[in-house]
1. Exactly one of (1) at pLDDT below 90; (2) in contact with a strand residue (DSSP E or B) (Cβ under 9 Å, 6 or more places away or on another chain); (3) surrounded by fewer than 16 Cβ atoms within 10 Å (Cβ to Cβ); (4) outside any helix (DSSP H, G or I) is unmet by GLN275. Its number?
2. Which members of the stretch 125-140 meet the condition of being closer than 19 Å to CYS152 by Cβ and within 17 Å of the chain's Cα centre (by Cα)?
3. Sort out which residues of the stretch 104-138 are outside any strand (DSSP E or B), within 30 Å of GLN20 (Cβ to Cβ) and touching a strand residue (DSSP E or B) at 6+ places or on another chain (Cβ under 8 Å), and write them in order of number.
4. Applying the selection to the stretch 93-108, what residues are modelled with pLDDT under 90 and of a type in the set (S, T, N, Q)?
5. Being farther than 20 Å from LEU43 by Cβ and assigned by TED's automatic domain parsing to the domain that holds LYS12 narrows it down to one residue among LEU115, LEU142, LEU127, LEU150; which is it?
6. I'd like to know if the stretch 66-79 contains one or more residues that are among the small types (Gly, Ala, Ser), loosely packed, with under 13 Cβ neighbours inside 10 Å and under 23 Å from the mean Cα position of the chain (by Cα).
7. Cβ-Cβ under 9 Å, sequence separation 6+ or interchain: first residue in the stretch 95-122 and within 20 Å of LYS81 (Cα to Cα), partner of a type in the set (Gly, Ala, Ser) and surrounded by fewer than 13 Cβ atoms within 10 Å (Cβ to Cβ). Which pairs?
8. Of everything in the stretch 36-61, what is in contact with a Leu (Cβ under 9 Å, 6 or more places away or on another chain) and not small (Gly, Ala, Ser)? Give them in sequence order.
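The values are calculated or read from the model by the stated rules, or taken from the named source; none is laboratory data. This is a predicted model, so every value here is computed, not measured. Using ideal geometry, Cβ is built from the backbone for each residue, glycine included, and neighbour counts are taken over all protein chains shown.
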Amino acid sequence: MKRINNPAKYLKGIIPPGTQYFIGFGIKDLTGLGKSHPGIQELLMGRKPSIVLTGKKGVLRENTTGKYVRKKPEQKTSIWKHIEYYSTKWEKVISYDREFSIWEKELLYKFDLELSVVKTPQDELILIFPKFIMEDSPQHYLKAGAAMNLACALSNYHLMYNTEFEPIIPVTKFKDKSILPAGSASRPVAEKLEIIEQHLGTEGEYESTGNSYRFAVLKEQQPDDVTIGKGGFNEYLMFEYRNKDLLVFENLKSGNATYLFKLSTFNPNKELDKQTASKAPSFLKRIVHENIDSWSSKVEGYF
């Protein structure tokens, strides 16, 4: 993921002002830098409850030494540097002072952001930065952007979480019924009611491991619309990608499956469930959540 230069687009209009939230990422998708970072290893092994992220270059270095930008109005200043090196041609040490003309710089930020490990309600371990409170201000976006870029350097994505550590997904419209309701018409009413009650009010077999990466992948593809079904017992998010002519149904919990449809031929007025989805003329693919690498390659193939 490229460096994020406009963090406001991930926050403004998505997280209401005054709302508490976190920025973080899952531990299953660390980059090489994330896997080799000694501080993260200490976190994952439980040796420390939190660490201040630091490093030798890039956003890790900027976190503790600061990020500097050209001073406004722009102007240059002169500095003298002592230069010394060994010349193989003359077989001796060359030493002299040289004047350099450089831009004057000023400190933009130095946040010393900490990282800690928490567990989501679906028992997924994620790494998060300290709590943010949403506000539409340059300083807030600077700090949130620093956290996002640190997350992208250490993982393959960044994601926002609410105070219960559930992913915050941009939702642009709502429907009053669940999309792809679980079960089939053949189930007895009493059994349906029992399953709904278990899902909404108790812990049990429906507790499964969440996977933030799936949602980060779908969000990064810049959906044109996201719909969430309300009510029922098996809610899905529906991501619309008009330029790809693609509709992706994704569940908030692992252990389910991702459903892909052709957007231009999808009939939103037709009732679907998991058993009848594959019979729809617009149906493209059903991808189970068993293996994240397999899921990723199959889904990204449609983009």
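1. The single condition GLN275 does not satisfy is (2).
2. From the stretch 125-140, those closer than 19 Å to CYS152 by Cβ are 125-130, 132, 140; that's our starting set.
Across the stretch 125-140, the qualifying residues are LEU125, ILE126, LEU127, ILE128, PHE129, PRO130, PHE132.
3. Step one: of the stretch 104-138, the residues outside any strand (DSSP E or B) are 104, 110-113, 120-124, 129-131, 134-138.
Still in the list and also within 30 Å of GLN20 (Cβ to Cβ): 110-113, 120-124, 129-131, 134-138.
Residues satisfying the conditions are LYS110, ASP112, LEU113, THR120, GLU124, PHE129, PRO130, LYS131, MET134.
4. Hit for the stretch 93-108 is SER101, nothing else.
5. LEU142
6. The first filter runs over the stretch 66-79 and keeps only residues among the small types (Gly, Ala, Ser), leaving 66, 78.
Next, only the ones that are loosely packed, with under 13 Cβ neighbours inside 10 Å stay: 78.
Applying the additional criterion that residues be under 23 Å from the mean Cα position of the chain (by Cα) yields none.
No, there is no match, as no residue in the stretch 66-79 is among the small types (Gly, Ala, Ser), loosely packed, with under 13 Cβ neighbours inside 10 Å and under 23 Å from the mean Cα position of the chain (by Cα).
7. Pairs that qualify, where the first residue is within 20 Å of LYS81 (Cα to Cα) and the partner is of a type in the set (Gly, Ala, Ser) and surrounded by fewer than 13 Cβ atoms within 10 Å (Cβ to Cβ), are GLU99/SER78; PHE100/SER78; SER101/SER78; ILE102/SER78.
8. Hits for the stretch 36-61 are HIS37, ILE40, LEU43, LEU44, PRO49, ILE51, VAL52, LEU53, THR54, VAL59, LEU60.
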